[in-house]
2 protein chains.
Amino acid sequence: MNGEYWQPEIETMPREKLRQLQTEKLRRTIETALNSPFYGHRLGKLGITPQSINSVDDIRKIPFTTKQDLRDNYPFGLVAGNMKDAIRIHSSSGTTGHPTVVVYSRHDIDSWANMIARNMYMVGCRDTDVFQNSSGYGMFTGGLGFQYGAERLGATTVPAAAGNSKRQIMFICDFGTTCLHAIPSYAVRLAEVFKDEGIDPRSTRLHTLFIGAEPHTDEQRRRIEKLLGVKAYNSFGMTEMNGPGVAFECKQQDGMHLWEDNYIVEIVDPDTLEPVPDGEYGEMVLTTLDRTMMPILRYRTRDLTRIIPGKCACGRTHRRIDRIKGRTDDMFIIKGVNVFPMQVEKILAQFPVLGSNYLITLDTVDDNDIMTVEVELDDMRTDVYPELQKITRNIQRTLKDEILLTPKIKLVNKGSIPTSEGKAVRVKDLREGRGQNHAE
Amino acid sequence: MNGEYWQPEIETMPREKLRQLQTEKLRRTIETALNSPFYGHRLGKLGITPQSINSVDDIRKIPFTTKQDLRDNYPFGLVAGNMKDAIRIHSSSGTTGHPTVVVYSRHDIDSWANMIARNMYMVGCRDTDVFQNSSGYGMFTGGLGFQYGAERLGATTVPAAAGNSKRQIMFICDFGTTCLHAIPSYAVRLAEVFKDEGIDPRSTRLHTLFIGAEPHTDEQRRRIEKLLGVKAYNSFGMTEMNGPGVAFECKQQDGMHLWEDNYIVEIVDPDTLEPVPDGEYGEMVLTTLDRTMMPILRYRTRDLTRIIPGKCACGRTHRRIDRIKGRTDDMFIIKGVNVFPMQVEKILAQFPVLGSNYLITLDTVDDNDIMTVEVELDDMRTDVYPELQKITRNIQRTLKDEILLTPKIKLVNKGSIPTSEGKAVRVKDLREGRGQNHAE
Ligand SMILES: [Zn+2]
Ligand SMILES: [Zn+2]
């Protein structure tokens with residue numbers, strides 16, 4: 001393993017061969033899943049067996065699994081293996097309703113550790129590196145997930161866990177930490193404490209950051225890279241799919257390779273649940289291909305992303321997903337049409353005259369639902385009224401093409417739209433009987 | 001591994017064979033240790049090599065290692081292996097001075113996990129058990145230590161981590177937790193929350209508790225067992241010696257088997273540093289026998305305990321240590337004599353008329369150091385003056401036999417001596433130039 005790839009054969013596997021591998025593993029996964037009370041009943045009713053699968057595309061014969069299914073079958077209704085072979089349980093925090101529980105066999109833990117090791121290796125981490133994990137441990141998968149993966153890689157791990165920034169910095173300095181796992185906001189916090197302590201992060205050996213769990217923009221990433229003098233790589237994962245390690249950026253920093261030997265990824269229209277073409281945004285649906293204890297089939301992640309079309313310069317053949325743009329939970333319905341704030345955002349981004357801050361207001365006027373989009377102008381590029389009118393009409397027309405509705409457009413000065421602690425409120429629903437603000 | 005022992009051959013090894021094994025492993029340990037800057041210098045100066053060891057007793061040729069040595073050589077001065085082979089670093093909290101750092105190779109982590117698995121197996125845990133760890137994770141060894149050990153055993157682990165008692169209880173109920181690792185005070189807290197939640201711990205599957213890290217009495221253990229309806233087993237460990245897993249109680253609950261295939265244990269007089277006979281209390285000195293990255297030779301643990309003489313009914317041949325009675329740090333010197341509060345306590349405990357609460361006051365009167373022992377009477381058994389006088393003289397005489405000093409004795413009513421939050425102040429030093437209170 002002195003080359004560029006942790007598992008060269010798998011990572012650069014020709015797509016046709018990869019699809020064959022997926023087909024085989026999907027068959028095996030169905031066979032296993034049928035042993036769980038949940039899938040035994042659900043798939044049994046539909047007569048779905050391993051023989052139903054002739055190609056990966058046949059996955060569409062299988063019904064979706066939702067978070068609600070996991071909750072309704074709490075705690076062990078999806079467990080297909082023998083609990084005697086279970087060696088770990090993780091669970092989500094479960095602030096509403098039952099927590100989401102995942103049970104792992106030794107095989108599952110090993111497979112997960114290997115995924116993390118593959119990711120770390122991909123961005124240049126080796127057994128000579130010192131890896132510090134500022135993630136919470138315990139039931140949260142970011143702790144033990146990265147711990148096992150980094151040990152598999154052979155790095156020297158520093159299980160610092162969350163919090164105590166001064167101690168984190170002491171470890172970075174004294175133990176010669178080279179790679180750090182942190183959520184973006186905590187990376188910014190560390191940069192501040194470095195400054196307070198009078199230590200230049202560039203004077204340490206730190207060179208690589210793994211960031212995940214929190215949505216963030218590429219600008220935020222670049223800022224963190226500059227603040228700490230590191231390269232920062234995006235990581236995608238979720239407890240239902242093991243934890244971190246599902247998809248990870250390579251050195252190109254242009255999308256996250258989703259490991260298709262271990263997962264089948266689909267992007268579907270969250271309304272029709274039909275697949276969308278590569279390049280288009282939709283809800284990501286994931287199927288585990290390498291879990292023996294608790295396989296999950298066609299899990300609706302509620303995360304909005306897209307497949308990045310084309311080949312990656314790194315040589316890996318596993319397709320890349322874009323950074324998560326939001327959650328299907330942010331969707332609202334107006335005049336019978338499903339709208340995602342992301343759709344609006346995508347259109348607004350096409351107008352260089354506009355800034356990135358916007359607010360969608362839904363209101364009822366004379367029993368009629370009205371959608372208004374307020375958007376900030378970028379640095380007062382123009383205040384010539386006819387020109388503003390022209391832009392407004394242009395935005396309206398393009399938005400109508402996208403969302404099939406004609407919203408009101410209000411161009412406002414930069415800084416007019418309030419943001420609260422980074423997490424911007426994107427949708428204000430003032431209609432009767434609603435009171436929700438959608439944040440993303 | 002369906003029998004009584006995890007590793008029958010090692011656990012029941014005849015003592016002579018065990019000593020031979022120790023001799024071999026001590027030689028190998030010295031050979032490794034010589035590669036560290038610290039031991040290379042210290043042992044090199046004395047000409048100590050593996051050939052210096054003909055039997056375990058030759059360990060006395062090696063100088064002691066102290067916590068101060070670890071601090072002075074922070075962070076990696078005791079590292080004997082190649083840092084490339086290090087896969088983990090743990091460290092003590094280091095509230096004063098540098099933290100104590102331990103570096104582990106993959107071998108060391110495996111060996112440690114095996115020790116924990118051996119302990120859990122010893123008290124009846126099997127791969128069918130569900131093990132919940134309420135220890136803190138991260139740098140604290142109680143988290144990852146038990147995590148890896150329980151997974152080695154094949155139990156289903158619930159890495160609950162510290163805090164959130166209601167969630168702990170939810171996990172116990174919903175996941176069918178059978179074994180729990182907790183510090184004694186937290187076990188008591190859990191019992192309270194069980195009560196608040198209206199759940200009888202006896203209605204759960206919980207049957208075994210591993211308790212460590214905090215000093216506690218056998219009465220406290222019995223109380224916890226009763227409160228939770230479990231068997232509770234003592235665990236001894238310290239970060240310098242890996243973490244938990246150094247010594248552990250068997251089902252006899254009569255002392256902790258110290259795993260002599262992995263450690264050499266000595267009990268020495270903390271003043272003369274000469275060995276004390278089996279059965280007598282002294283400072284425990286430990287040598288690692290199975291660490292490749294950072295061996296430690298003759299580490300003065302500052303923990304006071306004794307070897308329990310005789311064979312254990314369980315058939316294991318590894319000697320047992322008694323529960324930790326205190327720290328050598330609690331020692332004080334009066335008129336040139338070293339005194340441990342524990343010595344006084346041991347004597348007082350022989351008088352049924354006395355309660356368990358006492359206070360030693362050291363004072364200077366006319367340039368003369370005076371030691372006064374105040375001790376509470378148990379439930380006002382007597383208030384007849386001549387009888388009290390007789391008891392007082394009796395205590396004085398017996399104490400003099402033990403500590404070679406004649407202290408003043410003051411018998412006081414029950415409840416007269418203040419206790420602060422469970423941690424009783426045992427020694428008040430009012431002599432000139434001192435201001436320390438010794439707690440234990
Ligand atoms: Zn790539
Ligand atoms: Zn025993």
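Things worth noting here:
- Tally, over region A:142-173, of residues that are among the polar types (S, T, N, Q) and open to solvent by 10 Å² or more (accessible area, probe 1.4 Å): 2
- Residue satisfying all of: in region A:305-331; among the hydrophobic types (A, V, I, L, M, F, W, C) and touching a Pro at 6+ places or on another chain (Cβ under 8 Å); farthest from ligand 1 (Cβ to nearest atom) among these: A:M331
- Tally, over region A:100-117, of residues that are assigned to a helix (DSSP H, G or I), farther than 18 Å from A:K231 by Cα and within 13 Å of chain B (Cβ to nearest Cβ): 7
- Residues located in region B:319-345, provided they are surrounded by fewer than 15 Cβ atoms within 10 Å (Cβ to Cβ) and touching a helix residue (DSSP H, G or I) at 6+ places or on another chain (Cβ under 9 Å): B:V337
- Residue check for B:E249: open to solvent by less than 10 Å² (accessible area, probe 1.4 Å) and among the acidic types (D, E): yes
- Tally of residues being within 16 Å of B:T301 (Cβ to Cβ), assigned to a strand (DSSP E or B) and not aliphatic (A, V, I, L, M) across region B:321-343: 2
- A single entry from B:G81, B:G97, B:G154 fulfils the requirement of being more than 12 Å from every other protein chain (Cβ to nearest Cβ), in contact (Cβ under 8 Å) with a residue 12 or more places away in the chain and out of contact with any Phe, Trp or Tyr (no Cβ under 8 Å at 6 or more places or on another chain): B:G97.
Residues checked against (1) within 14 Å of chain A (Cβ to nearest Cβ); (2) under 19 Å from the mean Cα position of the chain (by Cα):
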position: B:Q132; (1), (2): yes, no
position: B:S135; (1), (2): yes, yes
position: B:F140; (1), (2): yes, yes
position: B:G143; (1), (2): yes, yes
position: B:C179; (1), (2): yes, no
position: B:K195; (1), (2): no, no
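- Meets criteria (touching a residue at least 60 places away in the same chain (Cβ under 8 Å) and within 16 Å of ligand 2 (Cβ to nearest atom)) for B:I307: no
- Evaluation of A:G3 against (1) in contact with a helix residue (DSSP H, G or I) (Cβ under 7 Å, 6 or more places away or on another chain); (2) open to solvent by 20 Å² or more (accessible area, probe 1.4 Å) (one fails), failing number: (1)
- Within region A:62-74, the set of residues being under 14 Å from A:V285 (Cβ atoms) and either part of a loop (DSSP other than H, G, I, E, B) or at pLDDT 95 or above (or both) comprises A:I62, A:P63, A:F64, A:T65, A:T66, A:D69.
- Residues of region B:118-130 that are within 12 Å of another protein chain (Cβ to nearest Cβ) and in contact (Cβ under 8 Å) with a residue 40 or more places away in the chain: B:D129, B:V130.
- Among strands (runs of 3 or more DSSP E) entirely within region A:216-319, having at least 1 residues that are in the same structural domain as A:K346 (by TED's automatic domain parsing) and at pLDDT below 95 singles out no element at all.
- Evaluation of B:S55 against the conditions (1) more than 12 Å from every other protein chain (Cβ to nearest Cβ); (2) of a type outside the set (A, V, I, L, M); (3) touching an Asp or Glu at 6+ places or on another chain (Cβ under 7 Å) shows that the sole unmet condition is (3).
The values are calculated or read from the model by the stated rules, or taken from the named source; none is laboratory data. These numbers were taken from a predicted model, which means no experiment stands behind them. Heads up, the Cβs are rebuilt from the backbone with ideal geometry, glycines too, and the neighbour counts pull from every protein chain shown. Calculation scope for accessible area: heavy atoms of the full protein, side chains included, ligands and nucleic acids excluded. Shrake-Rupley method; radii C 1.70, N 1.55, O 1.52, S 1.80 Å.
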